[in-house]
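Working notes, beginning with the structure itself.
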Amino acid sequence: MSRKVMVVSHLTRTSSREAANRVRAEFAKHAVEVVDQATTTDVEIIVVLGGDGTILSAVERGHNLDVPVIGINTGHVGFLAEAEPEGVEEVVARIVARDYFVEERMTLSADVTCPGGKRYEGWALNEAALEKTLKGSMVDVTIGVDGRAMSSFGCDSLVLATPTGSTAYAFSGGGPVVWPDVEAMLLVPIAAHALFTRPLVVGPSSVLEIEVTQSSASGAELWFDGRRRVPAPQGAHITVRRGERPARLARLNDTPFSGRLVAKFHLPVHGWRSAK
């Protein structure tokens with residue numbers, strides 16, 4: 001039976017297209033078929049060339065097909081990527097040899113119930129972000145955890161993140177860095193006007209709730225991984241919980257998460273005992 005892999009690259013970045021061509025050429029040497037589209041689970045793995053945005057797009061496809069994704073960074077930070085462009089040959093060789101492992105990452109799911117009863121739902125690997133729709137104003141929200149109200153305030157945005165997403169939008173908004181193997185959800189207010197607006201970290205069985213108040217000056221939209229959005233107008237009620245299915249990321253190395261943080265954020269570690 002022939003083996004198939006799917007290759008996805010950034011649509012306009014030249015470096016991504018060039019790296020994708022190298023990937024295709026390497027797979028051809030090993031008689032592995034490369035496809036650009038997939039509708040069934042006959043695809044073994046998705047190889048994606050790009051930054052975190054492109055990788056998240058590929059993760060969406062992989063999630064639908066229940067297929068793991070491996071990223072080669074041709075973007076900026078590439079926190080979700082497993083390799084850099086100079087490692088293309090090794091990535092292909094390891095896939096051909098089936099010398100990789102699959103890491104499951106927690107996802108979150110959200111349901112939005114609008115006034116009148118219309119409902120929307122979605123899922124995210126990184127975060128669901130509640131964004132105001134009216135510039136120059138704030139969106140007023142009431143937040144709750146496990147059926148109990150916690151606080152009300154106005155804000156520019158509200159980020160609900162997984163541990164994977166803790167180093168993305170949530171981190172930029174002052175949230176904590178959470179290790180991927182910690183099963184938790186984060187709630188991080190952005191530019192909130194209230195005394196109690198610290199980030200919250202709750203367990204995987206908790207349920208986060210947000211109400212966009214009827215008195216809010218602005219309605220909102222709920223964005224999933226910055227790619228998909230649903231309306232959340234005044235009066236909308238949002239429920240966020242742990243997703244039923246994890247996302248699957250293929251890994252070549254078991255480097256500790258701390259090592260990835262140091263490498264991607266160029267953290268200063270001079271004087272650490274390992275340097276002796």
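The values are calculated or read from the model by the stated rules, or taken from the named source; none is laboratory data. From a predicted model like this one, the values you see are computed outputs, not experimental measurements. No Cβ is skipped: glycine too gets one built from the backbone with ideal geometry, and neighbour counts run over all protein chains shown. Note: areas computed on protein heavy atoms with side chains; ligands, DNA, RNA excluded. Shrake-Rupley method; radii C 1.70, N 1.55, O 1.52, S 1.80 Å.
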Restricting the search to the stretch 19-58, which residues are closer than 15 Å to Leu249 by Cα, of a type outside the set (Gly, Ala, Ser) and either touching a residue at least 40 places away in the same chain (Cβ under 8 Å) or not in a loop (DSSP other than H, G, I, E, B) (or both)? Glu44, Ile45, Ile46, Val47, Val48, Leu49, Asp52, Thr54, Ile55, Leu56
Over 14 Å from Ser157 (Cα atoms), of a type in the set (D, E, K, R) and at pLDDT 95 or above: is that true of Arg241 in this structure? yes
Please state which one of Val35, Val43 is surrounded by fewer than 16 Cβ atoms within 10 Å (Cβ to Cβ) and among the β-branched types (Val, Ile, Thr). Val35
Please indicate, with yes or no, whether at least one residue in the stretch 255-266 is at pLDDT below 95, among the polar types (S, T, N, Q) and not in a strand (DSSP E or B). yes
In the stretch 230-246, how many residues are surrounded by 17 or more Cβ atoms within 10 Å (Cβ to Cβ), farther than 14 Å from Ala128 by Cβ and of a type in the set (D, E, K, R)? 0
Among the numbered criteria (1) out of contact with any Phe, Trp or Tyr (no Cβ under 7 Å at 6 or more places or on another chain); (2) surrounded by fewer than 17 Cβ atoms within 10 Å (Cβ to Cβ), which single criterion is violated by Phe257? (1)
With respect to the numbered conditions (1) part of a helix (DSSP H, G or I); (2) of a type in the set (Gly, Ala, Ser); (3) on the phi > 0 side of the Ramachandran plot, which one is the sole condition not fulfilled by Ser16? (3)
Could you check the stretch 83-118 and list, in sequence order, the residues that are closer than 17 Å to Thr239 by Cα, out of contact with any strand residue (DSSP E or B) (no Cβ under 6 Å at 6 or more places or on another chain) and open to solvent by 40 Å² or more (accessible area, probe 1.4 Å)? Pro115, Gly116, Gly117, Lys118
Of those in the stretch 187-213 that are more than 15 Å from Cys155 (Cα to Cα) and assigned to a loop (DSSP other than H, G, I, E, B), the residue most open to solvent (accessible area, probe 1.4 Å) is Ser205
Does Gly75 count as among the small types (Gly, Ala, Ser), open to solvent by 20 Å² or more (accessible area, probe 1.4 Å) and touching a His at 6+ places or on another chain (Cβ under 9 Å)? yes
Against the conditions (1) at pLDDT 90 or above; (2) under 16 Å from Thr74 (Cβ atoms); (3) within 22 Å of the chain's Cα centre (by Cα), where does His10 fall short? Just the number, please. (1)
Given the criterion surrounded by 14 or more Cβ atoms within 10 Å (Cβ to Cβ), within 16 Å of Arg227 (Cβ to Cβ), over 14 Å from the mean Cα position of the chain (by Cα) and touching a residue at least 24 places away in the same chain (Cβ under 8 Å), identify the matching residue among Glu121, Glu131. Glu131
Could you please let me know if Ser15 is in contact (Cβ under 8 Å) with a residue 24 or more places away in the chain and surrounded by fewer than 16 Cβ atoms within 10 Å (Cβ to Cβ)? yes
Working only within the stretch 46-63, note down all residues that are open to solvent by 10 Å² or more (accessible area, probe 1.4 Å) and touching a helix residue (DSSP H, G or I) at 6+ places or on another chain (Cβ under 8 Å). Thr54
